Amino acid sequence: MKLYIPCTKPDATGPQMPGPQMPVMVHDGFSWRVLFFGWFGLLTYGAWISALLAAASTMITLHVFMGFCSRLDLIVAIHAVLASFTAEIRLWEQRLNGRVTGTPIAAPSRDIALLRWMDQQHYAAPYGNTSPEFPCASS
């Protein structure tokens, strides 16, 4: 089982339903994509601010320590640190975007974690106490 942390935007409403939009599910764990691709892997997750900050700090670090150690060792170290803290970086980025983090959900995949999150939500029925299908079927 993996842990997924839902990040919802509380003031926005989703299409065709009241309540919060669908959350961004952040996997709490090591990221192989970021290990191999570094800050570019953060871009693929949609963490633009964090990726650009990581890219700038990587380039500055490589420029400062150019003569002291092997550049490949330094790049591998930076990628390993970014991959280890990818979940925290993505959660920070989500908080910057105005999202609120929820309680972690244990699930084998992101889709099942999203289903479990949806199962925990309680929406107010827009048609009163009846389900939205009932007025359509009875008319």
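Derivation of every value follows stated rules applied to the coordinates shown; laboratory data play no part. Treat the numbers as computed from the prediction; the structure is a model and nothing was measured. Positions of Cβ are backbone-derived with ideal geometry, glycine not excepted, and every protein chain shown enters the neighbour counts.
Brief remarks on what is shown
- Cβ-defined net charge surrounding GLY29, 14 Å radius [Lys, Arg +1; Asp, Glu -1]: +2
- Karplus-derived 3J(HN,Hα) values for the stretch 103-116, using 6.51 cos²θ - 1.76 cosθ + 1.60 with θ = phi - 60°, are 6, x, 10, 8, 7, x, 9, 5, 5, 5, 5, 5, 5, 5 Hz; glycine and proline are entered as x.
- Additional length obtainable on full extension of the chain from LEU62 to LEU3, 0.36 nm per residue less Cα span: 17.8 nm
- Each residue of the stretch 92-101 was assigned a 3J(HN,Hα) from its phi angle through the Karplus curve 6.51 cos²θ - 1.76 cosθ + 1.60 (θ = phi - 60°); the sequence is 4, 5, 5, 5, 5, 7, x, 8, 10, 7 Hz, with glycine and proline shown as x.
- Here the extension length gained between LEU52 and ARG33 equals 5.2 nm, from 0.36 nm per residue of separation less the Cα-Cα distance.
- Nonlocal amide H pairs with VAL26, under 5 Å, H built at 1.01 Å: ILE5, CYS7
- Distance (nanometres) between label positions extended 7 Å along Cα→Cβ at GLN21 and GLN121: 1.2 nm
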